[in-house]
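*Asks:* Below are the structure tokens for one structure; questions will follow.
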Amino acid sequence: MACLELKIDERFEHLAKNHPCLGRAPHKGRLHLPVSPACNIKCRFCTRRFNDVETRPGVARQVLPVVEGLGIVEKARVLCPEISVVGIAGPGDSLATNHALECLALVHEQYPDLIGCMSTNGLMLPDRVETIVAAGVGSVTVTVNAVEPSILERIVERVVFDGDILTGIEAAELLIARQLEGIKALAAKDVLVKINSVLIPEINGSHIGRIAEATAQLGASIINIIPLIPQGDLAHLAAPDCTQLNEARAAAEEYLPVFRHCQHCRADACGLLGEDVSNQLYQNISSENTFSHG
Ligand code: CLF
Ligand code: SF4
């Protein structure tokens, strides 16, 4: 893997040197703990599954109870001593329940040398920034697929917030407002913010630069453009081709460094990017000790 010299804000130099998803540390690994069972929005492309064969976000062998997280970290570090990041990226949303932050706080207490990381749709971010900082989380990925409600309403079917189910423009406006508020608050607390944007050529293909511009203004440090995997309600759309992906990256790069080595990780990925060892990690772990929300 080529080592890109991506320019990350010097406040985050330690992260840039040690976090494999920031483009400058391909020799480092990450472990995902699949402790987040639920989601509070519905993206039209999302299909969460439980299996050990698919390599994509939203897939895990099972949802892990929070208390089992430390044991998995210990085993993973033996299997892959290069692991420098413990992240939580599903299979649901990291902030839809408290599981992720409880788990990351435990990991941080036991392994302060590891970087805590999480990915989220951002809906609950404004209410969780203090807890994220207290849990020792160093980097947060926020998935921002549009900053225009008329575009986002074609991607997000519904948002559940404060006991209400919102749809259409109303849902899109709320989600965008909460994402942008959360990004600004995280950056102000010196938490590195990475943006993930799912590139759906027919919906947000010419909008990625605008996402990068808006989030950069609020303090985001890097963006990762993920090609659509056509599934769920968007199964009829085409995945972007190389030209479309390169054009979107070029548009984003006007405003933010672009991470180009994303592996579209499972929610229980483990190892160096591109060298997943999660099958070995989980082969001797009894499913009797786990539960599934599949
Ligand atoms: Fe995981 Fe994401 Fe943290 Fe990395 S993954 S939560 S920032 S530790 Fe990395 Fe995997 Fe791509 Fe994500 S390669 S899907 S960008
Ligand atoms: Fe699926 Fe993530 Fe969207 Fe929730 S935020 S619906 S888990 S893709």
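*Asks:* Does Leu15 count as in a helix (DSSP H, G or I) and either more than 13 Å from ligand 2 (Cβ to nearest atom) or closer than 15 Å to Thr141 by Cβ (or both)? Show your work before the answer.
*Replies:* Details: in a helix (DSSP H, G or I): yes; either more than 13 Å from ligand 2 (Cβ to nearest atom) or closer than 15 Å to Thr141 by Cβ (or both): yes.
Yes: the conditions hold for Leu15.
*Asks:* Could you tell me whether Ala146 is buried (at least 19 other Cβ atoms within 10 Å of the Cβ) and within 14 Å of ligand 2 (Cβ to nearest atom)? Full working, then the answer.
*Replies:* On the way: buried (at least 19 other Cβ atoms within 10 Å of the Cβ): yes; within 14 Å of ligand 2 (Cβ to nearest atom): yes.
The answer is yes for Ala146.
*Asks:* Additional query: From the list Ile132, Ile165, Ile208, Ile203, which residue is under 22 Å from Ala100 (Cβ atoms), free of Cβ contacts under 8 Å to residues at least 60 places away in the same chain and touching a Lys or Arg at 6+ places or on another chain (Cβ under 9 Å)?
*Replies:* Matching residue, one of Ile132, Ile165, Ile208, Ile203: Ile132.
*Asks:* If you check Gly58, Gly23, Gly29, which single one turns out to be more than 16 Å from ligand 2 (Cβ to nearest atom), surrounded by 20 or more Cβ atoms within 10 Å (Cβ to Cβ) and at positive phi? Working first, answer last.
*Replies:* Details: Gly58 fails: more than 16 Å from ligand 2 (Cβ to nearest atom); Gly29 fails: at positive phi.
Sole residue among the options that is more than 16 Å from ligand 2 (Cβ to nearest atom), surrounded by 20 or more Cβ atoms within 10 Å (Cβ to Cβ) and at positive phi: Gly23.
*Asks:* Would you mind finding the one in Val63, Val86, Val35 that is within 15 Å of the chain's Cα centre (by Cα) and in contact (Cβ under 8 Å) with a residue 60 or more places away in the chain? I'd like the intermediate steps shown before the answer.
*Replies:* Working: Val63 fails: within 15 Å of the chain's Cα centre (by Cα); Val86 fails: in contact (Cβ under 8 Å) with a residue 60 or more places away in the chain.
So the residue among Val63, Val86, Val35 that is within 15 Å of the chain's Cα centre (by Cα) and in contact (Cβ under 8 Å) with a residue 60 or more places away in the chain is Val35.
*Asks:* So, in segment 113-153, how many residues would count as being among the aliphatic types (A, V, I, L, M), outside any strand (DSSP E or B) and over 19 Å from Ala212 (Cα atoms)? Walk me through how you get there before you give the answer.
*Replies:* Pass one, segment 113-153, residues among the aliphatic types (A, V, I, L, M): 114-115, 118, 123-125, 129, 132-135, 137, 140, 142, 144, 146-147, 151-152.
Filter once more, keeping what is outside any strand (DSSP E or B): 114, 123-125, 129, 132-135, 144, 146-147, 151-152.
Narrowing further to those that are over 19 Å from Ala212 (Cα atoms): 114, 124, 129, 132-135.
Of the residues in segment 113-153, 7 are among the aliphatic types (A, V, I, L, M), outside any strand (DSSP E or B) and over 19 Å from Ala212 (Cα atoms).
*Asks:* Further question: Looking at the structure I just gave you, is Val53 more than 16 Å from ligand 2 (Cβ to nearest atom), under 30 Å from Arg154 (Cα atoms) and without any contact (Cβ under 8 Å) to a residue 24 or more places away in the chain? Step through it out loud before you land on a result.
*Replies:* Numbers: more than 16 Å from ligand 2 (Cβ to nearest atom): yes; under 30 Å from Arg154 (Cα atoms): yes; without any contact (Cβ under 8 Å) to a residue 24 or more places away in the chain: yes.
So Val53 fits the description; yes.
*Asks:* Hey, can you tell me all the residues within segment 253-270 that are within 16 Å of ligand 2 (Cβ to nearest atom) and of a type in the set (A, V, I, L, M)?
*Replies:* Result: Ala267, Ala269.
*Asks:* Mind listing just one residue for me: the one in segment 64-115 that is within 16 Å of ligand 1 (Cβ to nearest atom) and among the polar types (S, T, N, Q) and, of those, surrounded by the fewest Cβ atoms within 10 Å (Cβ to Cβ)?
*Replies:* Among those residues, the one meeting the criterion is Ser84.
*Asks:* Sticking with this one: (1) at pLDDT 95 or above; (2) more than 16 Å from Val137 (Cα to Cα); (3) within 12 Å of the chain's Cα centre (by Cα): which one isn't true of Pro91, the others all being true?
*Replies:* Looking at each condition in turn, Pro91 falls short on (1).
*Asks:* Of the conditions (1) within 30 Å of His236 (Cβ to Cβ); (2) small (Gly, Ala, Ser); (3) away from ligand 2 (no atom under 11 Å from the Cβ), Ser84 clears all except one; give me its number.
*Replies:* Failed condition: (1).
*Asks:* For the structure I just gave you, tell me whether Gly182 is of a type outside the set (Phe, Trp, Tyr), at pLDDT 95 or above and away from ligand 1 (no atom under 16 Å from the Cβ). Can you show your working first?
*Replies:* Values: of a type outside the set (Phe, Trp, Tyr): yes; at pLDDT 95 or above: yes; away from ligand 1 (no atom under 16 Å from the Cβ): no.
No: the conditions fail for Gly182.
The values are calculated or read from the model by the stated rules, or taken from the named source; none is laboratory data. Remember, it's a predicted structure, so these values are computed and weren't measured experimentally. With ideal geometry, Cβ positions are generated from the backbone for all residues, glycine too; neighbour counts draw on all protein chains shown.
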